[in-house]
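I have placed the structure first, in the form of structure tokens, so that the comments after it can refer back to it.
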Amino acid sequence: MTDLRIRPAGPEDPDAVLAFWKTAAEGTSISDDREGVERLVARDPEALLLAERDGALVGTVIAGFDGWRCHLYRLAVHPDHRRRGIGSALLAAADERFVRLGGRRGDAMVLVRNERAQHAWRAAGYEPQEQWRRWVKHLTG
């Protein structure tokens with residue numbers, strides 16, 4: 001997998017990332033817009049990791065750290081490039097980032113209906129915590 005390059009997203013990447021997520025990601029998020037991705041990259045320039053092969057975007061993960069917890073979002077691999085270690089390479093890069101920042105535990109947001117993702121996260125060493133429930137509130141400005 002020496003031809004795989006993992007790098008942080010830059011200010012030039014939001015449009016490509018958004019187009020990629022429409023093809024490769026499961027579900028959508030309220031933050032899936034140019035402003036949301038730009039805000040993420042501006043606030044934490046190393047959080048959005050991109051995997052590229054031959055100059056093409058083939059995978060993403062958001063590895064956010066708030067100083068206390070390590071959160072993983074938007075692990076996505078292009079359908080034509082799955083089962084080739086790209087997701088594992090992205091998660092390894094995220095783990096390295098978290099350890100470098102002093103993180104102690106990573107958690108991932110995974111859709112219950114996304115069986116493929118359930119298997120991938122389990123294979124990466126993550127376990128579901130059935131005792132927890134996610135609570136959300138959409139904020140309006």
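No value in this document is a laboratory result; all are computed from the given coordinates. Since the structure is predicted, the reported quantities are computational estimates derived from the model, not experimental observations. A quick note on method: Cβ atoms are made from the backbone with ideal geometry, for glycine too, and the neighbour counts reach across all protein chains shown.
Data for the structure
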read-out	value
Members of the range 9-49 that are in contact with a His (Cβ under 8 Å, 6 or more places away or on another chain) and buried (at least 18 other Cβ atoms within 10 Å of the Cβ)	20, 24
Qualifying positions in the range 77-117 - among the hydrophobic types (A, V, I, L, M, F, W, C), in contact (Cβ under 8 Å) with a residue 24 or more places away in the chain and in a helix (DSSP H, G or I)	86, 89, 90, 91, 93, 94, 98, 101, 117
Given (1) within 17 Å of the chain's Cα centre (by Cα); (2) within 26 Å of residue 33 (Cα to Cα); (3) not in a helix (DSSP H, G or I), number of the condition residue 139 does not satisfy	(1)
Residue satisfying all of: in the range 93-115; in contact with a helix residue (DSSP H, G or I) (Cβ under 9 Å, 6 or more places away or on another chain) and exposed (fewer than 10 other Cβ atoms within 10 Å of the Cβ); farthest from residue 48 (Cα to Cα) among these	112
